[in-house]
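Enquirer: If you scroll down you'll find the structure; I have some questions about it.
Computed from the coordinates by the stated procedures, all read-outs in this text should not be read as laboratory data. None of these values were measured; they are calculated from a predicted model. With ideal geometry, Cβ positions are generated from the backbone for all residues, glycine too; neighbour counts draw on all protein chains shown.
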Amino acid sequence: MFTGILILALVIFITVISYRRQRLEEKLIKQIPVIDWFLMFASPIFFYVGLIMIVRNILSRHRVNILDFEESQILGIGIFFMIYAIVGVSVHFVAKVLSRYIKRDRSSKVYQVNEIFHGKLSHYLTFACSYMLVFTLALLEINYPLPQKLSGANFAVLTGVGILAGFSAFKGIFYTHQWIGGYNKPFYLISLVFLIILVGIFKSDNLIIAYYPMNIFIVAGLFSVVCIYGVRRILFFSRLSRPRRIKIISRLFSMP
């Protein structure tokens with residue numbers, strides 16, 4: 001379990017760090033940037049290995065009937081979202097590479113169509129399905145607690161790894177230099193909603209999270225995303241002039 005969680009956290013962290021390295025963007029293999037080869041092949045493989053290790057560990061524990069679902073149902077949902085997350089990565093891979101060789105002409109139909117796939121379509125597909133996949137793992141583990149509580153040291157390590165994964169996800173998804181932009185609002189809301197749901201399940205059923213290592217990791221990650229987003233927005237908002245603050249508030253309330 002610990003190894004699988006560590007692999008997930010490292011894959012997220014290394015992917016985000018690598019994606020922001022201009023050197024990897026400039027170095028080409030077969031006219032394709034090295035970073036895109038990594039994102040398309042190496043990253044999903046290691047992520048999959050980590051998932052398999054986690055799922056096998058969870059299902060090896062004694063089942064306690066807390067949430068009413070069959071393992072086949074929740075695993076089927078998880079596999080569905082995993083497939084579409086990989087589809088999103090694949091779409092982004094192709095569209096991003098093509099964008100290097102397509103002339104930036106907003107009147108061109110080829111450019112417009114490629115930007116649809118390169119932009120929000122592939123990003124939303126990848127991020128949203130990854131969120132759902134991880135959330136299904138949290139739900140799956142609810143019925144499979146550990147036989148004994150984690151030690152304080154292990155709890156702290158998992159929390160730290162979860163915060164690292166949350167910070168990496170935040171850097172990968174959010175536009176941190178603007179109030180409204182990119183995918184900020186929907187993914188902040190997804191993080192907040194999932195966090196509330198998981199906390200609500202533990203509170204309503206009087207569960208102790210120290211029996212659930214995967215949930216410790218996920219809750220720590222979601223909590224860090226929500227906190228970082230809130231702090232960054234407060235800092236950004238505090239630096240604005242009064243007219244811009246009023247404008248942003250009006251835009252927030254006007255957005256669907």
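Enquirer: Enumerate the aspartates and glutamates that Lys149 could reach by cross-link, defined here as Cα to Cα under 15 Å, with residues fewer than 8 away along the same chain left out.
Expert: List returned: Glu141.
Enquirer: Also, quick follow-up: Top mean-square fluctuation among Ile102, Ile12, Ile246, Gaussian network model of the chain, C-alpha springs under 10 Å?
Expert: Result: Ile246 has the largest fluctuation of those listed.
Enquirer: Moving on. When a footprinting reagent is the concern and you count Cβ atoms within 10 Å, what order do Lys203, Lys247 take, fewest first? Walk me through the numbers before you get to the answer.
Expert: Details: Lys203 9, Lys247 13.
Placing the least packed residue first, the sequence is Lys203, Lys247.
Enquirer: With θ taken as phi - 60° and the coefficients 6.51, -1.76 and 1.60, list the Karplus ³J(HN,Hα) couplings across the range 66-73 in order, rounded to whole Hz; mark glycine and proline as x.
Expert: With the stated coefficients, the range 66-73 comes to 10, 9, 8, 7, 8, 4, 4, 5 Hz.
Enquirer: Each residue of the range 93-103 in order: what ³J(HN,Hα) in whole Hz does its phi give by Karplus 6.51 cos²θ - 1.76 cosθ + 1.60, θ = phi - 60°, with x for Gly and Pro?
Expert: Karplus-based 3J(HN,Hα) across the range 93-103 equals 4, 5, 5, 5, 5, 4, 5, 6, 10, 9, 5 Hz.
Enquirer: Could you tell me which of rounded, prolate or oblate describes the chain, using a ≥ b ≥ c as the square roots of the eigenvalues of the alpha-carbon gyration tensor, with rounded for a/c under 1.5 and, failing that, prolate when a/b is larger than b/c and oblate otherwise? It would help to have the intermediate numbers written out before the result.
Expert: Numbers: a/c = 1.98, a/b = 1.36, b/c = 1.45.
Oblate is the answer for the chain, as a/c is 1.5 or above yet b/c matches or exceeds a/b.
Enquirer: Could you work out which residue, out of Pro44, Pro147, Pro33, moves most in a Gaussian network model of the chain, that is, has the largest mean-square fluctuation with Cα springs under 10 Å?
Expert: Fluctuation is largest for Pro147.
Enquirer: Quick one: Cys129, Cys227, fewest Cβ neighbours within 10 Å first, how do they rank? Can you show the working numbers first?
Expert: Details: Cys129 20, Cys227 15.
Lowest count first: Cys227, Cys129.
Enquirer: So, R0 is 35 Å and r is the distance between the beta-carbons of Arg245 and Leu192; what FRET efficiency does that work out to, to 0.05? Don't jump to the answer; show the numbers that get you there.
Expert: On the way: r = 22 Å, r/R0 = 0.64.
My answer for the efficiency is 0.95.
Enquirer: Identify the chymotrypsin sites (Phe, Trp or Tyr not before Pro) of the range 78-147 meeting these criteria: DSSP loop state and at most 12 other C-beta atoms within 10 Å of the C-beta. Please list the in-between numbers first.
Expert: Working: sites: Phe80, Phe81, Tyr84, Phe93, Tyr101, Tyr111, Phe117, Tyr124, Phe127, Tyr131, Phe135; in loops: Tyr101.
For chymotrypsin sites (Phe, Trp or Tyr not before Pro) across the range 78-147 that sit outside H, G, I, E and B with at most 12 neighbouring Cβ atoms in 10 Å, the list reads Tyr101.
Enquirer: Further, regarding this structure: Taking the dipole about the Cα centre of the chain, with the C-beta of Lys and Arg at +1 and of Asp and Glu at -1, give me whichever of Ser60, Pro147, Gln73 is farthest to the positive side.
Expert: The residue sitting most towards the positive pole is Gln73.
Enquirer: Shifting gears a bit: Please arrange Asp36, Asp105 by counting, for each residue, the other beta carbons lying within 10 Å of its beta carbon, fewest first.
Expert: Working: Asp36 21, Asp105 10.
The order, fewest Cβ neighbours first, is Asp105, Asp36.
Enquirer: Which angle between 0 and 90 degrees, to the nearest 10, do you get for helix 184-204 versus the longest principal axis of the chain when only C-alpha atoms count?
Expert: It is inclined by approximately 10 degrees.
Enquirer: Here is a follow-up. For each pair in Lys30/Lys109; Lys30/Lys103; Lys103/Lys247, compute the distance between the two Cα atoms and list the pairs where it is over 31 Å. Walk me through the intermediate numbers first.
Expert: Values: Lys30/Lys109 26 Å; Lys30/Lys103 20 Å; Lys103/Lys247 35 Å.
Distance filter (> 31 Å) returns Lys103/Lys247.
Enquirer: Nearest 10 degrees is fine. How inclined is helix 43-59 to the longest principal axis of the chain, computing both from alpha carbons?
Expert: The answer is roughly 20 degrees.
Enquirer: Sticking with this structure for a sec: What GluC sites (Glu not before Pro) in the range 23-99 are in a loop by DSSP, with at most 14 other Cβ atoms within 10 Å of the Cβ?
Expert: Working: sites: Glu25, Glu26, Glu70, Glu71; in loops: Glu70.
Passing both the DSSP loop test and the Cβ count: Glu70.
Enquirer: Something else: Shape call for the range 107-169 from the C-alpha gyration tensor, a ≥ b ≥ c root eigenvalues: rounded (a/c under 1.5), prolate (a/b greater than b/c) or oblate?
Expert: Working: a/c = 9.27, a/b = 2.68, b/c = 3.45.
In terms of gyration-tensor shape, oblate.
Enquirer: If one takes the longest principal axis of the Cα atoms in the chain, at what angle in degrees, from 0 to 90 and to the nearest 10, does the Cα axis of helix 213-238 lie?
Expert: Tilt relative to the chain: about 40 degrees.
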